[in-house]
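Read through the structure below, which is laid out as structure tokens, and then see the notes.
Every number in this text was worked out from the coordinates using simple rules, so none of it is lab data. Predicted, not measured: the structure shown is a model, and the values here were computed from it. A quick note on method: Cβ atoms are made from the backbone with ideal geometry, for glycine too, and the neighbour counts reach across all protein chains shown.
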């Protein structure tokens, strides 16, 4: 695998930012490590970090580079700050950066597929929220989206105090319920037939499990297919290192046996 750290200026953020990128390559002579890369531009997974981390964390805390080596899958890990991947009321336009600017930057700098069937998004905690929010707001962009221990309930009463204390700059005390940052409202407005495959997983002892249950219940009410799992574990990297392997196995990569069957 090729590993890149790319620093670039973001017009949306009006500052320099960065992304960590894994690109597939054949590595038949590398001891202890294989690799796969075809002649076509590879599929791409946008992999989002959590609240306290940055674009380097997935590589530092998991073996994601090793897990994707045989898949021929590119992975783009952007810097998202503490923004919940939203346009901050008192800060920077991270949603605009994520959905409008980042794919254009990736397409300009990197040789990856631009096709919907080859494009995926996933994330943990804040990034799990960001991944599902991106997929629900732009369902035509992705073939699949996954949340690991996602902070999916930012609009419920139990989360409001913590939300406003942890990220006061994002919503500036306003209630995002019912708007484009509310996952349950996005489910209510979604066309189930137009959505990508959706996946969620969380630890049985994770305080965010209730928000996954609420999301799954609303998805069921709306007829939205969602594959969701609860495994032993808490909100930590031991859990995410195991579960990201499940997500990678679930992705409907073209050419994989059973592709196109992802979902509930």
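Which part of segment 107-141 falls in the paramagnetic zone of residue 18, meaning amide N under 18 Å from the point 7 Å along Cα-to-beta-carbon?
none
Under the Kirkwood approximation applied to all pairs of distinct alpha-carbon atoms, what is the hydrodynamic radius of segment 90-179 in Å?
14.4
If you fit an axis through the alpha-carbon atoms of helix 237-250 and take the longest principal axis of the Cα set of the chain, what angle between them do you get, 0 to 90°, nearest 10?
Long axis of 237-250 versus the principal axis of the chain: about 70 degrees.
In which sequence would 7, 228 go, from the one with the fewest C-beta neighbours within 10 Å to the one with the most?
Neighbour counts put them in this order, fewest first: 7, 228.
I need the Kirkwood Rh of segment 42-87: take the reciprocal of the average 1/r across all distinct C-alpha pairs and report it in angstrom.
Final number for the Kirkwood radius of segment 42-87 is 11.4 Å.
Measure off 7 Å from each Cα along the Cα-to-Cβ vector at residue 33 and residue 116, then give the distance between these two points in nanometres to one decimal.
Reported label-point gap for residue 33 and residue 116 is 3.6 nm.
In nm, to one decimal, how far is the residue 70 label point from the residue 25 one, both placed 7 Å along Cα→Cβ?
2.1
May I ask for the angle, rounded to the nearest 10°, between helix 209-222 and the longest principal axis of the chain, with both axes built from Cα atoms and the value confined to 0 to 90°?
Between helix and principal axis, roughly 90 degrees.
Taking every pair of distinct Cα atoms and averaging 1/r, then inverting, what Kirkwood hydrodynamic radius in Å comes out for segment 1-55?
The answer is 13.7 Å.
Using Cβ counts within 10 Å as a stand-in for footprinting exposure, how do 96, 5, 20 rank, fewest first?
The fewest-first ordering by Cβ neighbours comes to 5, 96, 20.
Given points 7 Å out from each Cα along the Cα-Cβ axis, report the residue 157 to residue 137 separation in nanometres with one decimal.
That separation, rounded to one decimal, is 2.8 nm.
Do me a favour and compute the ellipsoid semi-axes for segment 28-122 from its Cα gyration tensor, root of five times each eigenvalue, largest one first, whole Å.
Listed largest to smallest, the semi-axes of segment 28-122 are 27, 17, 9 Å.
Counting other beta carbons within 10 Å of each Cβ, put 25, 55, 227 in order, fewest first.
25, 227, 55
Let's test the formula: R0 of 22 Å, r as the Cβ-Cβ distance of residue 177 and residue 90. What FRET efficiency results, to the nearest 0.05?
0.70
Is it possible to state the helix-based mean residue ellipticity at 222 nm for the chain, with each DSSP H run of 4+ residues giving -39500 (n - 2.57), the sum divided by total residues, to the nearest 500 deg cm²/dmol? What is it?
Taking each H run of at least 4 residues, the total per residue is -8500 deg cm²/dmol.
Enter the per residue convex hull volume of segment 87-238, computed from alpha-carbon coordinates, in Å³ rounded to the nearest integer.
Hull volume normalised by residue count: 119 Å³.
Could you work out the Rg to Rh ratio of the chain, with Rh taken as the Kirkwood radius (inverse of the mean 1/r over all Cα pairs)?
Reported Rg/Rh (Cα atoms, Kirkwood Rh): 0.94.
In nm, what is the difference between 0.36 nm times the number of residues separating residue 234 and residue 166 and their Cα-Cα distance?
Using 0.36 nm per residue and subtracting the Cα-Cα distance, I get 22.5 nm.
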